[in-house]
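Below you'll find the structure, written out as structure tokens, and then a few comments.
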Amino acid sequence: MITIALPKGRIADDVLNLFAKMFGYDFAFVNRKLILQKDDFRFLLVRSQDVPIYVLYQAVDLGVVGLDVLEETGADIVRLLDLEIGKCKVVLGSKINEKIDYNKPQIKIATKMPNITRNFFSKRAIATDIIKLYGSIELAPLVGLSDAIVDIVETGNTMKENNLEIDEVILESSAYLIANRNSFYSKKHAILDIYNKLESLIKK
Ligand code: PRP
């Protein structure tokens, strides 16, 4: 049995489609069920931020999660394969036509990714006050809560509609197949079979 944590939403659907192609089954979650079992596979539907936790504690063998979430969590897991889906960017953004004033003693940054933000600015020795929010990050500079934001951009529409622009791209993200370290050794054969099948599908 191989257990796999998938992040709720489009990535889960894309991954189930890949597995359907690989193994010739129809994989789909029904109703509000969070577990899907089919022969030798058990899929779990979890919040994307929780995927590395399930993998780290070996509640599952494998997981699929964005590189942004992996970098933010910093969990000690095996990164197996870039699935080249769920592409997005982590960016530093601020109000259009207003340069971030780096002469300030401290810059206020609103974000739901405090670790990525801290790493980015500490490498540049820029002092920041990181304000952790849980969503609608784009609001913060508009109401003076922060000078800038570090947030996810997919289409760029949310930033544009809120008169914000990208100052810098911090990270190019996509979804990765990850593995628990112990599972990777104890179930190496089955995991490498999945890895090889996924890789050949992606490279097509
Ligand atoms: C993410 C992100 C942006 C938006 C970007 O938020 O934080 O707000 O998507 O997408 P776009 O570039 O395609 O406009 P999400 O939808 O996950 O909601 P949240 O703010 O509640 O986390």
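Taking the options 134, 102, name whichever one is within 9 Å of the ligand (Cβ to nearest atom), part of a loop (DSSP other than H, G, I, E, B) and either aliphatic (A, V, I, L, M) or surrounded by fewer than 16 Cβ atoms within 10 Å (Cβ to Cβ) (or both). Only one candidate qualifies: 134.
Output yes when any residue across region 76-83 is more than 26 Å from residue 197 (Cα to Cα), in contact (Cβ under 8 Å) with a residue 60 or more places away in the chain and away from the ligand (no atom under 13 Å from the Cβ), and no when none is. No: region 76-83 contains no residue that is more than 26 Å from residue 197 (Cα to Cα), in contact (Cβ under 8 Å) with a residue 60 or more places away in the chain and away from the ligand (no atom under 13 Å from the Cβ).
Quick one: in region 105-121, of everything that is away from the ligand (no atom under 16 Å from the Cβ) and more than 20 Å from residue 75 (Cβ to Cβ), which residue is surrounded by the fewest Cβ atoms within 10 Å (Cβ to Cβ)? Among them, the one singled out is 105. Among the residues of region 61-86, those that are within 20 Å of residue 118 (Cβ to Cβ) and within 10 Å of the chain's Cα centre (by Cα) comprise 66, 67, 68, 69, 70, 71, 72, 73.
Just so you know, all these numbers are worked out from the coordinates, no wet-lab data involved. Please read all numbers here as calculations on a predicted model, not as lab measurements. A quick note on method: Cβ atoms are made from the backbone with ideal geometry, for glycine too, and the neighbour counts reach across all protein chains shown.
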